[in-house]
1. Given 20 Å bins starting at zero, what is the percent of C-alpha pairs of the chain in each, up to the one with the largest pair distance?
2. Give me the base-10 log of I(q)/I(0) for segment 400-508 at each q in 0.16 Å⁻¹, Debye formula, one uniform scatterer per Cα, rounded to two decimals.
3. Figure the gain on full extension for Val24 and Thr412 (residue separation times 0.36 nm, minus the Cα-Cα span) and round it to one decimal in nm.
4. Using a 1.4 angstrom probe with every protein chain in place, what is the largest-first accessible-area order of His434, His766?
5. Once amide H atoms are placed 1.01 Å from N in the peptide plane, what residues at a sequence separation of 5 or more from Lys186, or on another chain, have their amide H within under 5 Å of its amide H?
6. Give the shape of segment 1-124 as rounded, prolate or oblate, defined through the alpha-carbon gyration tensor: a ≥ b ≥ c are the square roots of its eigenvalues, a/c under 1.5 means rounded, and otherwise the shape is prolate if a/b is larger than b/c and oblate if not.
7. Relative contact order, percent, of the chain when contacts are C-alpha pairs under 8 Å separated by at least 6 residues?
8. How large is ³J(HN,Hα) for each residue in segment 124-141, as worked out from phi by the Karplus curve 6.51 cos²θ - 1.76 cosθ + 1.60 (θ = phi - 60°), to whole Hz, x for Gly and Pro?
Amino acid sequence: MKRYNPTEIEKKWQDKWEADGTYVTDLGDTTRPKYYSLSMLPGITGAGIHIGHGRTFQFADIKARLKRQQGYNVYHPIGWDSFGLPVENYAIKVGKTPRVAHDEAKAHFIAQLKRLGFSYDWSKEISTADPEYYKWTQWIFTQLYKHDLAYQKEQPQWWCDTDNTVLANEQVEGGKCWRCGNPVTKRNLKQWFFRITAYADEILEATDDLDWTDMVKTMQKNWIGRSVGAEVEFAVEGRDDVITVFTTRPDTLFGATYVALAPEHPLVSQLVNADTRQAVEAYVMAAQQKSDVERQENKDKTGVFTGSYAINPVNGQKVPIWVADYILGGYGTGAIMAVPAHDERDLEFAEKFDLPVVQVIEKPENSADAGCYTGEGELINSGDFDGLRSEEAREQVVAWLEQQGLGRSKTTYKMRDWLISRQRYWGAPIPMVHVDGYEPIAVADECLPVILPEVENFKPTGGNTSVLAQVDDWVRVWVDVETGKTVPITEPKPAGDNWYEGRRETDTLDGYACSSWYFLRYLDPHNDAEAWDPMRINHWMPVDYYNGADHAVAHLLYSRFWMRFFYKLGLVPTPEPFKRMMYNAYIMAPDGQKMSKSKGNVIDPMEIMDSGYGADALRVYEMFIAPYDMDAPWDPRGVPGTYRFLNRVWNLVQEFVVADTSPSTNPSLSDPSSSTDSSELLRLTHLTIKKVTRDIEDEKFNTAVAAMMEMVNGLYKIKEKHGVQASEIWRFTLESLLQILAPFAPHITEELWQELGHSDTIHVNHWPKWDEKYLVSDVMTIIVQVNGKLRSRLELPADADKETIEQRALDDEKVRAYLDARTPKKVIYVPGKLVNIVV
Ligand code: ANZ
């Protein structure tokens with residue numbers, strides 16, 4: 001009997017699949033149903049992938065493999081998120097150019113992914129840093145610009161001193177840079193934005209209907225952060241100024257006992273007097289040093305009185321105006337009406353500074369809320385509005401304010417427009433040219449791509465521009481201000497009135513821009529006439545299955561924004577890019593900590609495969625380790641365990657092959673020695689086919705593996721009695737097992753499939769079907785009632801007919817005792833369940 005040697009067979013099959021183009025997709029084939037399965041575009045970093053990444057990639061691979069085996073035309077591409085901060089920082093670290101560092105790291109990535117046996121279509125690889133790709137990223141930018149969805153604006157921006165660039169809001173996590181983890185500050189700069197807020201409502205409203213991991217949907221909704229409320233105007237006493245506040249609770253207006261301004265609020269400096277000026281200025285300065293997160297999380301509220309008062313429009317009451325850093329400058333109007341009785345932050349503040357607390361909402365009797373009551377209820381102390389419920393009061397108060405010209409209903413969003421320019425070298429140049437006296441000019445389609453020039457020193461300067469600003473011959477360019485056509489400055493100026501010398505935009509695009517549309521380019525990666533052929537996209541979009549464990553907000557939100565834009569242009573068939581999106585949990589290091597290079601607890605899949613266990617045992621354990629959505633620590637005993645399991649499968653098939661080819665033990669192919677064996681085999685096989693099929697569909701990969709392990713245990717029990725027979729049923733059993741195991745362990749199953757005499761691959765068009773008839777148990781339990789009362793239970797063959805069952809019920813001893821010789825009036829049979837005898 002041959003021994004299982006993964007090292008030998010895995011390489012052999014990987015080479016064969018590549019040579020045969022087993023996983024190459026004919027994207028033009030529309031005769032079969034399509035299935036587009038995708039893992040998030042991997043970013044290239046030096047270390048390559050660890051087992052946690054490997055697991056994440058495997059989910060989409062298994063989905064793809066299931067569908068390919070089921071006969072779908074499956075597309076499972078791979079490519080690289082090559083532009084952006086991570087690669088450039090890595091290049092700086094290793095002292096190479098981004099291009100060289102990227103290419104070397106990519107080679108390592110590819111080696112890892114190939115060893116793991118993923119079923120990618122390598123013939124359609126893309127990289128966001130290839131000019132053939134970023135030409136279209138730039139083209140999309142110009143389209144957004146032409147549709148007023150890309151614009152330039154000067155305002156304070158998040159700035160990372162370590163990475164020397166501005167960052168988008170989505171890239172600042174808890175006041176820190178997403179890339180290096182260092183605290184960020186603000187710089188006043190003119191920057192490029194995408195107007196993602198234009199689609200805030202649409203995206204928000206579409207979110208609930210998405211078939212996505214709930215956590216991700218919630219994060220998206222919270223990020224967009226729609227708040228429905230009102231703006232209310234408070235006049236400043238003794239001045240012409242008006243403070244407009246944003247509130248979600250206009251029903252609490254009578255309880256407003258002070259007004260608070262963010263330190264950045266423009267009125268602050270005007271509301272101070274000789275006595276308060278110094279303290280207020282010092283307070284404002286101090287607040288600038290704090291991040292928004294710090295300001296919001298601080299329990300110990302701080303603030304300072306301006307010396308001025310405002311008038312509550314609803315009751316004419318005079319309330320003090322404070323400056324407090326728990327009010328954020330960038331949200332709402334940067335000013336609030338404070339209602340300490342019904343808002344916890346305001347109560348903390350009021351208690352600290354001894355400000356009045358006026359209750360205006362009656363706390364319901366059954367409310368469990370201790371202390372500050374923030375819920376809804378009946379209005380009190382609110383003049384004419386007393387007795388109304390909160391919801392109704394909100395409408396009426398706002399209606400009254402509108403009538404008086406003192407307020408209006410208002411919806412605000414937490415989400416801001418997406419800042420997409422970076423003062424870094426390694427990115428797609430923003431395809432714009434500046435000419436004095438003109439709006440920025442989009443480079444004409446025929447002059448794209450704007451190639452990223454090669455530079456000697458690409459490192460960020462820390463100044464307000466990228467190093468591209470120093471490439472004079474590139475920055476200066478002849479431009480036709482009407483058409484956006486460009487000609488290098490080194491050539492003669494073209495004839496015509498519209499030609500001017502311009503300056504190219506020297507900021508580059510955020511890497512997230514490049515990865516916001518790659519799933520479309522995958523479908524037409526070699527098209528040099530357009531970004532994609534809409535016919536292709538119509539057939540293949542949306543992505544059927546999308547998986548990742550990162551970018552729950554930024555990437556997914558940006559992709560949804562771009563997709564919606566393309567949809568409006570009629571370039572894609574649906575507004576949402578990802579039909580089903582699943583966000584998986586993490587593999588922790590064996591010590592329970594997050595795997596990271598700095599902690600030195602990273603496990604490289606190569607190590608495990610090199611130690612002789614092979615990719616298949618690793619792959620099976622990656623799925624077996626835990627449910628999809630539960631973090632789990634890596635157990636070093638796991639792979640040896642799944643390796644033993646695969647050995648058991650291997651040996652079982654070997655035994656069959658021996659029996660099948662040896663004439664003396666081949667008595668009857670279709671007639672196994674025991675019919676109990678055959679019904680057990682059939683039941684076990686059909687049950688497992690059903691379970692594994694359903695489990696993969698529901699992302700219950702761990703229980704799918706467990707079911708196959710149970711099946712193999714069952715097969716060994718049957719084998720112990722009569723050995724493995726060279727029968728049709730054993731063959732069916734083993735072939736089915738290989739087929740359902742194939743997505744998890746593609747190499748061993750392919751090898752054994754061939755040993756069973758097949759010459760085609762197991763991975764295309766081979767998925768077994770289960771038959772419910774084998775799943776029903778052979779006996780059923782029937783309840784017998786007399787006049788509706790349970791009197792007996794019968795064990796009967798599952799295929800017993802109505803007459804037999806009724807007769808057995810009437811003959812039953814216990815039943816006869818209750819019948820007491822009376823003749824039944826009626827016998828009611830509920831199939832498979834009960835017999836009720838009415839007397
Ligand atoms: C009065 C009030 C009474 C409020 C009450 C709440 C409860 P969301 O839901 O997050 O949108 N607010 C408004 N602008 C703010 C800013 N720039 N910085 C900090 N807080 C701000 O929250 C809206 C509520 O947060 C608003 O409603 C306002 O406080 C506060 F019983 O107004 B509220």
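The values are calculated or read from the model by the stated rules, or taken from the named source; none is laboratory data. The structure displayed is predicted, hence computed values, not measured ones. Neighbour counts are summed over all protein chains in view; Cβ atoms, including those assigned to glycine, are modelled from backbone coordinates with ideal geometry. Ligands, DNA and RNA are excluded from the accessible area calculation, which covers all protein heavy atoms including side chains. Shrake-Rupley method; radii C 1.70, N 1.55, O 1.52, S 1.80 Å.
1. The calculated distribution, bin by bin, is 13, 33, 30, 18, 5, 0.
2. These q points yield log10 I(q)/I(0) values of -0.74.
3. 134.9 nm
4. Sorted descending by solvent-accessible area, the residues read His434, His766.
5. Under 5 Å from the amide H of Lys186: Trp159.
6. It is oblate, given that a/c is not under 1.5 and a/b is not larger than b/c.
7. Contact order relative to length: 14 percent.
8. With coefficients 6.51, -1.76 and 1.60, one gets 10, 3, 10, 9, 5, 9, 7, x, 5, 8, 6, 3, 7, 4, 5, 4, 4, 4 Hz.
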